[in-house]
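The values are calculated or read from the model by the stated rules, or taken from the named source; none is laboratory data. Owing to the predicted nature of the structure, the values given are computational and were not obtained by experimental measurement. Methodologically, a virtual Cβ is constructed for each residue, glycine included, from the backbone with ideal geometry; neighbour enumeration extends over all protein chains shown.
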Amino acid sequence: MTQSALTSSTSPAGGTSVGPRDSRGYRVFTWVNGAFLVLLCAFMLYPFITVIAQSFSSPGAVKAGLVNVWPVGFNLDTYEAVWQNKMFWRSYRNTVVYTVVGTTIAMVLTTLLAFVLSKRHLRGRTGLIWVAMFTMFFNGGLIPNYVLIQTLGLKNTMWAVVLPGAISIFNLLVMKSFFENLPAEMEEAAQIDGLGWFGIFGRIVIPLSKAVIATMILFYSVAIWNDWFAAFLYIDKQELFPVTLFLRNLIAGASSAASEGAAVAGTTSAAIAANIQSVTMILTIIPILCVYPFVQRYFVSGVMLGSVKG
């Protein structure tokens, strides 16, 4: 069938009727929808572009509020100062370690538990699912969690950051739904061929679950990378700070931020504090911007899991 046949049809009188895609209303809707999306993208990108412009501007211009979407008094002094700051790169290394270790632990636990809960013949399955869902709405509270972390001896360790949020119940339910939609005939055929449950999981289920696994990796890694509150609660040693907590201290104007500002600048901390926050923000989000394009195609299919069945 040709494109013209899809967009037009022949009337009984021998003429050609106009399809819905050729109507004036559809064209108006397309233009209005496109303009709205462009404006929405512009509003979303404006703060990010402003931060980039501030990072390349002089501290005086930023402090005076002269920077909008284009750098004023272009300079790289702040980038060079931050680049030479050992505390910043130590915090950066900590964040990378926390993200890699935390995402690995979270994916192993979430994937295994979701696969088990997806089996309808599992005894007590409904109760286990309700217990998991209960934790989505109720938790022990901040003080009990702090006492628990301290009692377990996890305070001032990496495990205080990566273990409490190892399993996201939302991600668990999404993966469980995905595993439930996999054809049961493949598992039955694998069992006939002699594969056990671990063989089925590793050789059949995992290769068929690339979309949901990539999506969950993105969710977990971004959450751990951006998290600063857990480290703020459970870590007192600066050498264990993640880069987000380092950035938080700069923005909040904590006492440690003043010493960091003086350490990264050859001049006074007041002169550099105006745009050091912008520089640190840019350097912090670069890894996520670099990774996201490679998992975007999996993310698009992953967020649609369960929307179409048949």
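In segment 87-119, the qualifying residues are those that are of a type outside the set (A, V, I, L, M, F, W, C) and free of Cβ contacts under 8 Å to residues at least 40 places away in the same chain, and the one that is farthest from Ser58 (Cα to Cα) is Lys119.
All of (1) under 27 Å from the mean Cα position of the chain (by Cα); (2) buried (at least 16 other Cβ atoms within 10 Å of the Cβ); (3) outside any helix (DSSP H, G or I) hold for Val72 with one exception: (1).
Would segment 93-106 turn up any residue that is on the phi > 0 side of the Ramachandran plot and in the same structural domain as Ile206 (by TED's automatic domain parsing)?
no
Only one entry in Thr78, Thr111 is under 21 Å from Ser209 (Cα atoms) and either touching a strand residue (DSSP E or B) at 6+ places or on another chain (Cβ under 7 Å) or surrounded by 18 or more Cβ atoms within 10 Å (Cβ to Cβ) (or both), namely Thr111. Criterion first (out of contact with any Pro (no Cβ under 6 Å at 6 or more places or on another chain), at pLDDT below 50 and either surrounded by fewer than 17 Cβ atoms within 10 Å (Cβ to Cβ) or in a helix (DSSP H, G or I) (or both)) does Ala273 satisfy it? No. When segment 45-56 is filtered for residues that are surrounded by 10 or more Cβ atoms within 10 Å (Cβ to Cβ) and over 12 Å from Ile282 (Cβ atoms), the ones remaining, listed by number, are Leu45, Tyr46.
The set of residues in segment 157-183 being more than 20 Å from Leu128 (Cβ to Cβ) and loosely packed, with under 14 Cβ neighbours inside 10 Å consists of Pro183 alone.
Among the residues of segment 279-295, is any assigned by TED's automatic domain parsing to the domain that holds Lys155, closer than 23 Å to Ile169 by Cβ and either hydrophobic (A, V, I, L, M, F, W, C) or at pLDDT 80 or above (or both)?
Filtering segment 279-295 down to residues assigned by TED's automatic domain parsing to the domain that holds Lys155 leaves 279-295.
Next, only the ones that are closer than 23 Å to Ile169 by Cβ stay: 295.
After this cut, where a residue has to be either hydrophobic (A, V, I, L, M, F, W, C) or at pLDDT 80 or above (or both) as well, the list is 295.
There is at least one residue in segment 279-295 that is assigned by TED's automatic domain parsing to the domain that holds Lys155, closer than 23 Å to Ile169 by Cβ and either hydrophobic (A, V, I, L, M, F, W, C) or at pLDDT 80 or above (or both).
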